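The values are calculated or read from the model by the stated rules, or taken from the named source; none is laboratory data. Given the structure is predicted, the values throughout are model-derived calculations rather than measurements. Cβ: placed from backbone, ideal geometry, glycine included. Neighbour counts: every protein chain shown. Heads up: the accessible areas ignore ligands, DNA and RNA and are worked out on the full protein's heavy atoms, side chains in. Shrake-Rupley method; radii C 1.70, N 1.55, O 1.52, S 1.80 Å.
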Amino acid sequence: MYTIHKLKPDRSIVGFIPAFSAAIIMALIGIFFGIKAAFTFLAIFYWGISVYTFIGFLRTSNANFIIPSLFQFFAGLVAFTFEPKSSGNASPFLGLAVLLTMVFMVWLVLLAATKKIKWRGREILEMAAAPVEEAGNGYTSRPLPAGKVEFSQQEIMDFADFARRNLIAVSYVGKDKVIFVPVMMGREFGFIMGLKNDYTDETWVSFDFDGNVTVNISHRDYLQYIEALSFNQLCTSLGNLFVDFIETHQRGEGVRIIDRMDAVRVNVFS
């Protein structure tokens, strides 16, 4: 359905920076302190990433995050027990750790290929832009009203849980509203670590408990579009998209939301 992409190609390397940095540091440690020290650093790096990934599970309730966390944990064990001058008689413990690392690595690849651990912000922006054909005068910084709905507070909260688990959007719950913030891959660190408490400079959709829908598209995200689309139409479309998501979820057809996002055919790393 969504075959014409309106966002610029994702050329960000943010997601690869930790791995590149770790490889450089590991090489330097190996040169100055020896191979064992380098692999000890690699183990600590893997364990740190494992903790971060597990925090992602706690924040989102997406159980799929447990798999990469376990892969990173056992990969760290393999690196920590590595002996550069081994006699060749590897311990059964090391063999088990290697086996589990391989099992969880294959499982991780399958999860990545099926987008089970992918943040869906790029798909959301593509879907919002799909029906917008008219060019506009550019960006405006103020949030725009996008209609009125009759969802109950519980229906909105139920969808917020679904959106969080499926990495569709991070939700901020206020006294009288819920705000949904779609997150792109590479931007999730602040949300996972609880460092992003202010959503106002992000793209978001707000549903207050009186039924009012308000939309904000950040300047950074607006500039991701190849053309200067009509800002009013884009905001309206994004609001309608989330309204449709909630209605679909109400009918017990949440899987259709995931199918629609998969149909956008966005790269698994974007």
CD proxy, 222 nm, the chain: helix-only mean residue ellipticity via -39,500 (n - 2.57) per DSSP H run with n ≥ 4, per residue, nearest 500, stands at -16500 deg cm²/dmol
Averaged over all viewing directions, the convex hull of the alpha carbons in the stretch 39-184 casts a projected area in nm² of 13.3 nm²
Ignoring ligands and nucleic acids, residue 219 exposes an accessible area, probe 1.4 Å, in Å² to the nearest 10, of 90 Å²
Across 256, 11, 142, the residue with the highest GNM fluctuation in the chain (Cα network, 10 Å cutoff) is 11
By the Kirkwood definition, with r running over pairs of different Cα atoms, the stretch 1-122 has a hydrodynamic radius in Å of 16.4 Å
Most packed first (mean Cβ within 10 Å per residue), the peptides 36-42, 25-31 order as 36-42, 25-31
What the Cα atoms of the chain span along the principal axes, largest first and in whole Å, is 71, 37, 35
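Test of understanding: express the Cα radius of gyration of the stretch 80-159 as a ratio to 2.2 N^0.38 Å, with N the residue count.
Working: Rg = 25.3 Å, N = 80, 2.2 N^0.38 = 11.6 Å.
For the stretch 80-159, the normalised Cα radius of gyration is 2.18.
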When the chain is treated as a Gaussian network with springs between alpha carbons less than 10 Å apart, the largest mean-square fluctuation among 203, 53, 114 is found at 114
